[in-house]
Amino acid sequence: MSDSTTPSSPEIRAARKVREGVVVSASMDKTRIVAVTERVRHARYNKFVQRTKRLYVHDEANDANPGDRVRVMETRPLSKTKRWRVVEILERAK
């Protein structure tokens with residue numbers, strides 16, 4: 001048995017991105033669309049502007065509903081557009 005098959009230390013990889021957002025669509029099976037809003041400073045005018053991204057998120061249990069605040073984490077590509085998964089539901093829609 002050679003040492004090349006069993007690494008002596010665990011592989012080190014970059015930390016996965018984590019975002020918080022609001023579920024805006026739940027019409028697909030095991031997929032949710034989450035709107036993530038971030039505040040960024042405009043390069044020329046130095047004013048903070050809001051930018052919204054719509055992320056396609058994997059939800060294995062079909063648990064999140066529109067209006068829920070969720071935490072999502074980056075993952076391997078699951079389909080053509082889906083690269084995120086639901087980690088937890090922070091707040092249910094009222």
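Just so you know, all these numbers are worked out from the coordinates, no wet-lab data involved. Keep in mind that what you see is a predicted model, and the values were worked out from it rather than measured. Note: ideal-geometry Cβ built from the backbone for every residue, glycine included; neighbour counts use all protein chains shown.
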Residue tally, condition surrounded by fewer than 10 Cβ atoms within 10 Å (Cβ to Cβ) and of a type in the set (S, T, N, Q), over the stretch 52-80
1
Residues of the stretch 54-82 that turn out to be in contact with a Leu (Cβ under 8 Å, 6 or more places away or on another chain) and more than 12 Å from GLY21 (Cα to Cα), as a count
1
Among the residues of the stretch 12-51 satisfying the criterion of being among the basic types (Lys, Arg) and closer than 18 Å to MET73 by Cα, which is surrounded by the most Cβ atoms within 10 Å (Cβ to Cβ)?
ARG32
Of the residues in the stretch 65-94, how many are within 13 Å of the chain's Cα centre (by Cα) and touching a residue at least 12 places away in the same chain (Cβ under 8 Å)?
17
